[in-house]
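Have a look at the structure below, then the notes.
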């Protein structure tokens, strides 16, 4: 006789895939009760052609930040529409998930298996919420910032509730001595990152494959310009350098004062205290 838990998983799998009871029962048994693996199992065998809700695109949702004692977590939870993102159940679920994300220090695999207040795992409650709201829901990514010798600064743009919105940033700053001036800079830097979308802290940290691809695009654009190869090479080099400057955080124009770059502000603050940007993340829903 099947346990209530097993029967409940079969019900959820049927809701997600539209596949019959017998095949769902076999899939659940073969995959040790893992719903996501069961969906894959059915798809591989041709039972679930489209996976129904789980195969739709979920590119809306919320970014949530949780903060305690200068430690921070940030998480992106996706749904399909802005309407669902504003649903009270989705909002409450996202807020509770954000707290759990902090507890597991941003470990996504552990988070999915973590139990919530109702005794269900996060993974199970995602499926329950899909059934209630009628949209695909996924936990896309998360991160954690410890407070080891650093101060962490969060920013959520156009927050619908404290630390919840569609665009979130956390930046970590190291200094020999924190004062109000550095704290003000940290908060402004988080806003700068939200607006300027840097891809790395320094030029030498930019992804090499991305730079190669960008260089190919630039070269292709100039291919039919009629210019000599020598001139094309010089223009390509200049354009690539500009791309690097625009996408490395410390080389970007400081949004609070266009006459300065971020590294200039750091140099000014560093006259009294050593200061460095250690890390940052920028999450924008669906990006």
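At-a-glance table
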quantity	calculated
Zero-based 5 Å bins, Cα pair distances in region 221-287, whole percents	3, 13, 14, 16, 15, 12, 11, 9, 5, 2, 0
Using alpha-carbon coordinates, inclination of helix 88-103 to the longest axis of the chain, degrees	70 degrees
Ranked 10, 77, 231, 137, criterion: other C-beta atoms within 10 Å, fewest first	231, 10, 137, 77
On Cα atoms only, tilt of 35-44 relative to the major axis of the chain in degrees	80 degrees
Likely footprinting exposure, 196, 228, fewest C-beta neighbours within 10 Å first	228, 196
Neighbour-count order for 268, 123, 287, fewest beta carbons within 10 angstrom listed first	287, 268, 123
Helix 122-133 vs. the chain, principal-axis angle (Cα, 0 to 90°, nearest 10)	80 degrees
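Every read-out reported here was derived from the displayed coordinates using simple, explicitly stated rules and does not represent laboratory data. Only a predicted model underlies this, so the values are computations on that prediction, with no experimental measurement involved. FYI the Cβ positions are ideal-geometry reconstructions off the backbone, even for glycines, and counts take in every protein chain you see.
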